Every structure is written in structure tokens, then in C-alpha cells.
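Undergrad: Can you keep this structure in mind? I'll have questions shortly.
The values are calculated or read from the model by the stated rules, or taken from the named source; none is laboratory data. Since the model is a prediction, treat every value here as computed from it, not as a measurement. Backbone-built Cβ (ideal geometry, glycine too); neighbour counts: all protein chains shown. The area values use the complete protein model at the heavy-atom level, side chains included, leaving out ligands, DNA and RNA. Shrake-Rupley method; radii C 1.70, N 1.55, O 1.52, S 1.80 Å.
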Amino acid sequence: MKQRLHTRFFAACALALAFTAATAAPTIQAMPGPEVLAGEPLTLTVEGLPPGTTVRLRSSRMQQDFFGLRPYQAEAIFKADAQGRIDLARRAPLSGDYAGADERGMFWAMTPVKSPSPSGAPADEVLIQAFDAEQHLLAERRLLLRAVAADVVTRPVAEFAGAVYAVHAVQPGQRKRAAVIVLGGSEGGSSTARRSAPELASQGFAVLGLPYYSPGGWSATGPTAAELPSLPASFVDIELSQLEKARDWLAAQPEVDASRIAVYGISKGAEFALAAASRMPWIKSVVAIVPSDVIWEGWGPDA
């Protein structure tokens, strides 16, 4: 009798566990979370689905672009595996806004949409939602995508107009780090330096955002003054030698390894970076975004 009671008890427990597993609500898991720094490894999965289920994933966020803060969105359809799981790093969507297995596909594939995004959502928050074939919401998860690490310190550099220096908060005995000089494009001014320097510093570099040209602007009421009037207002005779001064300044920073300095340029800054790297052997690496294979003519009021 006692043996039969034990048998019934264990059978009941097994049945309860099986029922719980079968009826558990699906969840969206993200590691690390709930905050993710740009560039960090990310695991994104949907768990607890019936095997073989077709699921639509949707990602939404508010994102700043040239037209202001606008809603962005991406969607993709997946099929759960035999364990009732969708691992974006290993499972390609059946259809949607990107192709191929990619744990970050639901982030980079987002494009502007007219439909509203979650009201009041901060610009760095992404909402991930899972829907069944009838568009019933199965699960959702919010993630904060941080472009800049919390311990990055950014400060102005008096030696260069509009320049900023960004680096992780330095601890005693910390290893010296490679440095990057950031050069913006034809927009001029300090906007690229201020945006890119802390983002690259979040990846472990010491970064000098270096403006080198600052044209006047234009508004509805007419011309506006240059942001940095001490810099050239025309893209004419931009001196490559200012990178030598930037290198010397970086070498004087105690946390910088002066034997590892790279130049990161965007558009006209990429042209600048390539021209400098072809003449300056101390530049160990170059990142050239939308560069040119020639030196183009200048423009501006002094051209």
C-alpha cells in the first residue's frame, strides 16, 4: 500500500510538471540584460513555445535621425525548434526585414514607420514583442541599448578648438590603452567629435575627437555664424600636420599607449585620414567610412 502511494505521488508530480511546462507562458530572454552596451555580445531567444510554432517578432524604438525623433520598427517571422525555442543567433527568419541567423538583426534592420511607437519611450529603449499567427501578443521584453558606457568620462581639450577627449574612468595601475583620433566630415564643427568620441571610448579606447573645419550655417532667417570661428570656414588647405600635434597631445596622456594610435574618419574626414596615413608612419590603423580614392577640390568662401 505504501509503495502504491509513493508511486501515485511521483506520478502526480510528474504530471503536474509536464502540465506546467506545456502551459507555461512564452518568454523573451536577453543576455546580458536589461541593459546592453553597443558592441557587447548579445543572446536573444524566445522560450516556452510549442515546438514548430510560427512566431512573428517585432522590434520598436524611437530613434533620432535627420528628421528628428521618429518611430523605427523591424519584423521577422520564425519557426520554433523541437524544444519550443527560437535562438536568433542560430535560427534564420522564414521572412522579414533581414535574412540569415543574426542575434542583432532585429536591431539593425529597423526602419522608420508611420505607426506609433510606445508612448514616452526613451530613445535608447527597444521593445521586443512576439505574436502568434493570429497576432495575439505572446511575450514582450524591453531592453536599453546604451551607446556610451556609464563610466566614460568626456572633457573638452583646450589645445584644440571644439575638441573633446573621452576615456573610461582610469583606475590606478590600469593598463595603457590604444588611442583613436576622430575626424568628422563636411558637416564641420564639433558634432561628430562630441558624438563619436564617447561611443568609441566605451569600447576601451582613449579617443580624441578633433574638429578641423567649421563652416557657417543657414537658417530660416538667413546665414548663421560658424560654430568654431578659429577653424577654417572653407574646405581649403586643411593642414595634415595638425594630426602630429594631436599625436603629441595624446602621447602626453598617462593612460595612452602612444605606439598604438589610429585615425577614424567619416566622409571628408576619411579622405583626410587616408591622406595622412599615407604620409605618417606612426598611424597604426585607419578606419575610413565612405572615403574617396582621390583628393577633391575645396569649397567655401575662401576657395
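Undergrad: Could you check region 33-47 and list, in sequence order, the residues that are touching a strand residue (DSSP E or B) at 6+ places or on another chain (Cβ under 7 Å) and at pLDDT below 95?
TA: 33, 34, 35, 36, 37, 38, 42, 43, 44
Undergrad: Considering every residue within region 189-206, establish whether at least one is more than 30 Å from residue 41 (Cα to Cα) and open to solvent by 10 Å² or more (accessible area, probe 1.4 Å).
TA: Yes, region 189-206 contains a residue that is more than 30 Å from residue 41 (Cα to Cα) and open to solvent by 10 Å² or more (accessible area, probe 1.4 Å).
Undergrad: Any residue that is at pLDDT 95 or above and touching a strand residue (DSSP E or B) at 6+ places or on another chain (Cβ under 7 Å) - is there at least one of those in region 222-244?
TA: Yes, region 222-244 contains a residue that is at pLDDT 95 or above and touching a strand residue (DSSP E or B) at 6+ places or on another chain (Cβ under 7 Å).
Undergrad: Which of the residues belonging to region 46-76 are touching a helix residue (DSSP H, G or I) at 6+ places or on another chain (Cβ under 9 Å) and either open to solvent by less than 20 Å² (accessible area, probe 1.4 Å) or assigned to a loop (DSSP other than H, G, I, E, B) (or both)?
TA: Scanning region 46-76 gives 48, 50, 57, 59, 74, 76.
Undergrad: I'd like the residue in region 268-303 that is of a type in the set (Phe, Trp, Tyr) and assigned to a loop (DSSP other than H, G, I, E, B) and, out of all such residues, is most open to solvent (accessible area, probe 1.4 Å).
TA: It comes out as 296.
Each row is one residue, and each column tells you yes or no for (1) closer than 30 Å to residue 171 by Cβ; (2) not β-branched (Val, Ile, Thr).
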residue: 209; (1), (2): yes, yes
residue: 216; (1), (2): no, yes
residue: 229; (1), (2): no, yes
residue: 238; (1), (2): no, no
residue: 291; (1), (2): no, yes
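Undergrad: While we're looking at this one, here's another question. For region 114-232, which fully contained strands (runs of 3 or more DSSP E) count at least 3 residues that are touching a residue at least 12 places away in the same chain (Cβ under 8 Å) and β-branched (Val, Ile, Thr)?
TA: 152-156, 177-183
Undergrad: Of (1) open to solvent by 30 Å² or more (accessible area, probe 1.4 Å); (2) at pLDDT 95 or above; (3) touching a Ser or Thr at 6+ places or on another chain (Cβ under 9 Å), residue 81 satisfies all except one. Which?
TA: The one condition residue 81 does not meet is (3).
Undergrad: Separate question: Only one of 180, 126, 167 is crowded, with 21+ Cβ neighbours inside 10 Å, touching a helix residue (DSSP H, G or I) at 6+ places or on another chain (Cβ under 7 Å) and either within 30 Å of residue 50 (Cα to Cα) or basic (Lys, Arg) (or both); which?
TA: 126
Undergrad: So, in region 12-32, of the ones that are open to solvent by less than 60 Å² (accessible area, probe 1.4 Å) and modelled with pLDDT of 50 or more, which residue ends up farthest from residue 77 (Cα to Cα)?
TA: 32
Undergrad: Sticking with this one: I'd like the full set of residues that are on the phi > 0 side of the Ramachandran plot and either assigned to a strand (DSSP E or B) or touching a residue at least 12 places away in the same chain (Cβ under 8 Å) (or both), limited to region 77-113.
TA: If the condition is that a residue be on the phi > 0 side of the Ramachandran plot and either assigned to a strand (DSSP E or B) or touching a residue at least 12 places away in the same chain (Cβ under 8 Å) (or both), then 84, 96 are the ones that fit.
Undergrad: Mind counting the residues in region 141-159 that are open to solvent by 30 Å² or more (accessible area, probe 1.4 Å) and more than 22 Å from the chain's Cα centre (by Cα)?
TA: Number satisfying all stated conditions: 3.
Undergrad: If the requirement is being under 30 Å from the mean Cα position of the chain (by Cα) and of a type outside the set (D, E, K, R), which of these qualifies: 209, 222?
TA: 209
Undergrad: Filter region 244-267 down to the residues that are assigned to a strand (DSSP E or B) and closer than 20 Å to residue 155 by Cβ and list them by number.
TA: Residues satisfying the conditions are 256, 257, 258, 261, 264.
Undergrad: Mind telling me which of the residues 162, 96, 100, 105 ends up being among the small types (Gly, Ala, Ser) and farther than 24 Å from residue 50 by Cα?
TA: Just a single option satisfies the conditions, and that option is 162.
Undergrad: In addition: Taking the condition among the β-branched types (Val, Ile, Thr) and modelled with pLDDT under 95, does residue 283 pass?
TA: no
Undergrad: Being β-branched (Val, Ile, Thr) and touching a strand residue (DSSP E or B) at 6+ places or on another chain (Cβ under 7 Å) narrows it down to one of 148, 152, so name that one.
TA: 152
Undergrad: Could you check how many residues of region 277-290 are touching a strand residue (DSSP E or B) at 6+ places or on another chain (Cβ under 6 Å) and either closer than 14 Å to residue 180 by Cα or among the acidic types (Asp, Glu) (or both)?
TA: 7
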